[in-house]
1. Determine which member of the set GLY88, GLY95 is under 30 Å from ASP158 (Cα atoms) and either touching a Phe, Trp or Tyr at 6+ places or on another chain (Cβ under 6 Å) or of a type in the set (S, T, N, Q) (or both).
2. For region 179-201, how many residues are under 13 Å from THR119 (Cα atoms) and touching a helix residue (DSSP H, G or I) at 6+ places or on another chain (Cβ under 9 Å)?
3. For the structure I just gave you, tell me whether VAL25 is at pLDDT below 95, surrounded by fewer than 12 Cβ atoms within 10 Å (Cβ to Cβ), under 26 Å from the mean Cα position of the chain (by Cα) and in a helix (DSSP H, G or I).
4. Taking the residues in region 154-177 that are closer than 20 Å to LYS142 by Cα and among the aliphatic types (A, V, I, L, M) as candidates, determine which candidate is surrounded by the fewest Cβ atoms within 10 Å (Cβ to Cβ).
5. With the structure loaded, tell me whether ILE189 is touching a residue at least 24 places away in the same chain (Cβ under 8 Å), under 20 Å from the mean Cα position of the chain (by Cα), over 18 Å from GLY88 (Cα atoms) and in a loop (DSSP other than H, G, I, E, B) or whether it fails that test.
6. In region 151-170, is there at least one residue being among the aliphatic types (A, V, I, L, M) and touching a Lys or Arg at 6+ places or on another chain (Cβ under 8 Å)?
7. Condition check: more than 17 Å from MET59 (Cβ to Cβ) and out of contact with any Pro (no Cβ under 8 Å at 6 or more places or on another chain). Does LYS142 satisfy that?
Amino acid sequence: MEEYEEEQAPARPKKKRHWGSIVAVAVVIVFMVVWTVLSPSVLSQAGTTYVESDSYADMGKYTGERDIWWLGKSIHVVRTVWGVSISGDRNATAGEPAEYSVLITKVEEELGSFWFRGTSVNLKEVTMYDSDGNMLGEMYGKTQLDFGPLGHVTATFDQPGQYECHLVVKLRVYAEMRIGFIPLEDVEIEAHFSEYVVVSAV
């Protein structure tokens, strides 16, 4: 009798483990979570509370509207009104430092798209000038308050007299999206003092 070898079933191909795809998806998820958690807090709308304040705006105030678009005018993000409140030493002494504060608040905003939750702002730089364009001082620090960043400026006046001053304020505006956030644009504001700084001799 002829012997027949027992036929063996063909081996099943091993399933390919898509570790690369799993890791990529995990990385994307972690990135989105971290991106969202680290997003700056949306600045609340304060109306004119601080630009009309005797404490925060005793030396001047400014409000200005900004219409912000994204991706080259293709997506309307927000129409927002920023407020700048100036306070500090009304009287100073020549050659000695005088202290000033500038508070940035959101007066109001109207979002242009469902995908955005609101805007926040980072105070980048504040510089103080006299009416002739001479720089008197600049920001040396800032404090983050619940209603906006407060910049601290030290200025020095060389000669006695009355000084008409203004600040150049540089901000970076961010938009918080449903997931994460994006930097929108840098904004420069020129805010004038409503009061003279009276400088006396030593």
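1. Numbers: GLY95 fails: either touching a Phe, Trp or Tyr at 6+ places or on another chain (Cβ under 6 Å) or of a type in the set (S, T, N, Q) (or both).
Testing whether each residue is under 30 Å from ASP158 (Cα atoms) and either touching a Phe, Trp or Tyr at 6+ places or on another chain (Cβ under 6 Å) or of a type in the set (S, T, N, Q) (or both) leaves just GLY88.
2. Going through region 179-201 one residue at a time, the tally reaches 2.
3. Answer is no for this residue.
4. Filtering region 154-177 for residues closer than 20 Å to LYS142 by Cα gives 154-156, 166-174.
Next cut, among the aliphatic types (A, V, I, L, M) only: 155, 167-169, 171, 173.
On the way: ALA155: 23, LEU167: 27, VAL168: 15, VAL169: 23, LEU171: 21, VAL173: 21.
Once the filter is applied, the top-ranked residue is VAL168.
5. Working: touching a residue at least 24 places away in the same chain (Cβ under 8 Å): yes; under 20 Å from the mean Cα position of the chain (by Cα): yes; over 18 Å from GLY88 (Cα atoms): yes; in a loop (DSSP other than H, G, I, E, B): no.
Taking the combined requirement at face value, the residue does not satisfy it.
6. no
7. Values: more than 17 Å from MET59 (Cβ to Cβ): yes; out of contact with any Pro (no Cβ under 8 Å at 6 or more places or on another chain): no.
No.
To keep it simple, each residue is scored yes or no on (1) of a type in the set (A, V, I, L, M, F, W, C); (2) buried (at least 16 other Cβ atoms within 10 Å of the Cβ); (3) within 21 Å of GLU52 (Cα to Cα).
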position	(1), (2), (3)
SER85	no, yes, yes
ALA92	yes, yes, no
LEU111	yes, yes, no
VAL126	yes, yes, yes
MET135	yes, no, no
PHE147	yes, yes, yes
ILE179	yes, no, no
ILE182	yes, no, no
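The values are calculated or read from the model by the stated rules, or taken from the named source; none is laboratory data. Just so it is clear, the model here is predicted, and its values are computed rather than measured. Positions of Cβ are generated from backbone atoms using ideal geometry, with glycine treated the same way; all protein chains shown enter the neighbour counts.
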